[in-house]
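Working notes, beginning with the structure itself.
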Amino acid sequence: MALEKTLAIVLKTFDWSESSRTIAFFAKEFGRIYLVDKGGKSIKSKRGRVLKFALLEVTFYDTKKESSGYISDVELIKMYDLSGDGSLGRLAYASAACELLEQLLPKEEPQRTLFTYFNLFMEKLNTAERKSLPALFLSFFLRLLSQLGYHPSLGYCVGCSEEYEKIEVIKRGGFASFSAERGGIVCPSCQTPGDYYIKLPADVFADLLKLQSASLKEAESVRISFGEASLLLEALIKFLQYQADISSKIKSLEFLDKLKKTELTSE
Ligand SMILES: [Zn+2]
């Protein structure tokens, strides 16, 4: 068994007994991997703790079998404690990001650029002003989609490639019609009667478009309310359900509701 060492962030934990569990990691050198954590939950364990929302250095035995191996040691490199103003929202966005990565990352395929970007995102979630959080999350979501090859067409109609700026209804400040099934916005002449479109108000759509090419630093200055973010997230999640091969349910849909409640209870 080879001993491997990698930087990693926990995506999900699967408990299978009181003392043992399997942990899904996003590892810098290995992409999405699953490691068995034997006895790591025990308070007697001398080993470093496997913490959520933290950059860890994980040493593990690679068994080259169905699970990727066994955790040997864990060292905390950096904690993203997310305890700032609007902590519930920060935690909810961080959880949703982990969930999306667990669902979407290809297994055991390094994604170093995305790994670095994810750490930057966690850092921003930790430090940004609360009102920047929705835009930061949307920006992360759009980047994740693009990096993994799912790029929603926002700048052009998916039917005739007309630029969004020339689509009359958007120009007039009306709305953009987004089709999750067709993978982007659809101009009125390309729309099929009876098809389902998510109507995105022109100004909210403009923010989404801006975020598609924004750095996290740029995204930080975009102001999107939690309500507007819910609408945009609904569009992106529906898009994902059509475009990506996702069999299980995306809990982020439930998370949307949680967020709405967060907004209601904390503002
Ligand atoms: Zn068109």
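Read-outs throughout are calculated quantities, based only on the coordinates presented, and are distinct from any laboratory measurement. All values derive from a computational prediction rather than experimental measurement. Quick reminder, even Gly has a Cβ in these numbers, built from the backbone with ideal geometry, and neighbours come from all protein chains shown.
Look at the dipole of the range 2-79 built from charges on Cβ: of GLY31, ALA54, ALA2, the Cα furthest out on the positive end belongs to ALA54. For GLY69, the amide hydrogen comes within under 5 Å of the amide hydrogens of VAL36, THR63, counting only partners 5 or more places away or on other chains and with H modelled in the peptide plane. Computing FRET efficiency as 1/(1 + (r/R0)^6) for LEU3 and ILE77, where r is the C-beta to C-beta distance and R0 is 22 Å, gives about 0.75. Listed by Cβ neighbour count within 10 Å, with the fewest neighbours leading, TYR197, TYR70 appear as TYR70, TYR197. With a simple spin-label model that places each label point 7 Å from the Cα along the Cα-to-Cβ direction, the separation between ARG130 and LYS46 comes to 4.5 nm. Sorted fewest first by neighbouring Cβ atoms within 10 angstrom, ILE237, ILE71 come out as ILE237, ILE71. Quick one: helix 87-104 against the long Cα principal axis of the chain, what's the angle to the nearest 10°, folded into 0 to 90? Roughly 90 degrees, rounded to the nearest 10. If every alpha-carbon in the chain counts as one equal scatterer, what log10 I(q)/I(0) does Debye give at q = 0.15, 0.17 1/Å? Debye curve over Cα of the chain, log10 I(q)/I(0) at q = 0.15, 0.17 Å⁻¹: -1.09, -1.30. The peptide list 162-168, 218-224, 15-21, put in order of mean Cβ contacts within 10 Å with the highest first, becomes 218-224, 162-168, 15-21.
For the range 188-205, putting each phi into the Karplus relation 6.51 cos²θ - 1.76 cosθ + 1.60 with θ = phi - 60° gives couplings of x, 6, 9, 7, 9, x, x, 6, 9, 10, 8, 8, 9, x, 3, 6, 5, 4 Hz, in residue order, rounded to whole numbers and with x for Gly and Pro. Cross-link pairs exceeding 28 Å between alpha carbons, from the set LYS5/LYS217; LYS107/LYS238; LYS124/LYS210; LYS78/LYS238: LYS5/LYS217; LYS78/LYS238. Summarising the label geometry, the points placed 7 Å from Cα in the beta-carbon direction at SER20 and ARG112 lie 3.4 nm from one another. Could you list which residues have their amide H under 5 Å from that of TYR197, counting only those 5 or more apart in sequence or on another chain, with H placed in the peptide plane? Placed amide hydrogens put nothing under 5 Å from TYR197. Contact order, relative form, for the chain: 16 percent (alpha carbon pairs under 8 Å, 6 or more residues apart, mean separation divided by residue count). The phi-based Karplus calculation (6.51 cos²θ - 1.76 cosθ + 1.60; θ = phi - 60°) puts the 3J(HN,Hα) values of the range 9-17 at 10, 5, 9, 7, 10, 10, 7, 10, 7 Hz, whole numbers, x for Gly and Pro.
Taking every pair of alpha-carbon atoms in the range 2-79, give the share separated by more than 16 Å as a whole percent.
That fraction is 43 percent.
Counting charges near VAL169 (Lys, Arg +1; Asp, Glu -1) among other residues having Cβ under 14 Å from its Cβ returns a value of -1. Going from the fewest other Cβ atoms within 10 Å to the most, the residues ASP73, ASP85 appear in the order ASP85, ASP73. Taking each DSSP H run with n ≥ 4 as -39500 (n - 2.57) and averaging over every residue of the chain yields -12000 deg cm²/dmol at 222 nm.
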